[in-house]
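Peer 1: Pasting in a structure now, in structure tokens, and then I'll have a few things to ask.
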Amino acid sequence: MKISEQTVTIDGIDKIILKTLMEDARTPILVISKNTGISGAAVHQRLKKLEKAQVISGSQIIINPKILGFKTVAFIGIYLDKAMRNPEAVKQLKSIPEVIECHYTTGNWSIFAKLLCKDNEHLMELLNKKIQSVEGVSRTETFISLQQQLNRQIAL
């Protein structure tokens, strides 16, 4: 691994380690060691270096929201009356558990948010009672996802 300014260049062994863990973050270090041809200690050291360089920012369990009853995915373009209200608006949006992503964007919207809802009625309730009551929100534009067709990380 080579670090220059804010860019990190990874080598072939790092790529094997990362690809393996992107496929299954629970892969044992011994399995990765066999796949890379280096010792378990060397794999561990490389992982620590990748974490320190912020190439890896953690690992997580991925929950299937549909199994838990969240069947509607919506994207909300949020217009703010003033751009300076963004930090406070995001702080209020953080308190709504169904809001799972917020992005500060260029273009028409000040904020673009992703929501997981049980159904369209739940979405409507969130919009009317929570999101549109956030101080500074002048209006919203809603898009309902019919089907997620692609979900991936950056290719190595």
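Peer 1: Under 7 Å by Cβ, and 6 or more places apart or on different chains, what pairs join a residue from the stretch 117-129 that is closer than 12 Å to ILE76 by Cα with one that is among the hydrophobic types (A, V, I, L, M, F, W, C)?
Peer 2: Partner pairs satisfying both residue conditions: LEU123/ALA74; LEU123/LEU115; LEU123/CYS117; LEU126/ILE96; LEU126/LEU115; LEU126/CYS117.
Peer 1: Evaluate the stretch 38-61: report whether one residue or more is within 29 Å of GLN149 (Cα to Cα), outside any loop (DSSP other than H, G, I, E, B) and not aliphatic (A, V, I, L, M).
Peer 2: no
Peer 1: Here is a follow-up. With the structure loaded, tell me whether SER95 is under 30 Å from LYS15 (Cβ atoms), surrounded by fewer than 11 Cβ atoms within 10 Å (Cβ to Cβ) and under 20 Å from the mean Cα position of the chain (by Cα) or whether it fails that test.
Peer 2: Spelling it out, it is not the case that SER95 is under 30 Å from LYS15 (Cβ atoms), surrounded by fewer than 11 Cβ atoms within 10 Å (Cβ to Cβ) and under 20 Å from the mean Cα position of the chain (by Cα).
Peer 1: Sort out which residues of the stretch 47-67 are charged (D, E, K, R) and surrounded by 14 or more Cβ atoms within 10 Å (Cβ to Cβ), and write them in order of number.
Peer 2: Hit for the stretch 47-67 is LYS49, nothing else.
Peer 1: I would also like to ask the following. Quick one: which residue in THR36, THR9 is within 25 Å of the chain's Cα centre (by Cα) and over 17 Å from SER57 (Cβ atoms)?
Peer 2: THR9
Peer 1: Looking at the stretch 111-130, is at least one residue in contact with a Phe, Trp or Tyr (Cβ under 6 Å, 6 or more places away or on another chain) and of a type in the set (S, T, N, Q)?
Peer 2: Looking through the stretch 111-130, none of the residues is in contact with a Phe, Trp or Tyr (Cβ under 6 Å, 6 or more places away or on another chain) and of a type in the set (S, T, N, Q).
Peer 1: Kindly indicate which of GLU125, GLU135, GLU88, GLU101 is outside the structural domain of ILE10 (by TED's automatic domain parsing), surrounded by fewer than 12 Cβ atoms within 10 Å (Cβ to Cβ) and either farther than 30 Å from ASP24 by Cβ or of a type in the set (A, V, I, L, M, F, W, C) (or both).
Peer 2: GLU135
The values are calculated or read from the model by the stated rules, or taken from the named source; none is laboratory data. Fair warning: this is a prediction, and the values are worked out from it, not measured in the lab. Cβ sites come from the backbone with ideal geometry, for glycine too, and all protein chains shown count toward neighbours.
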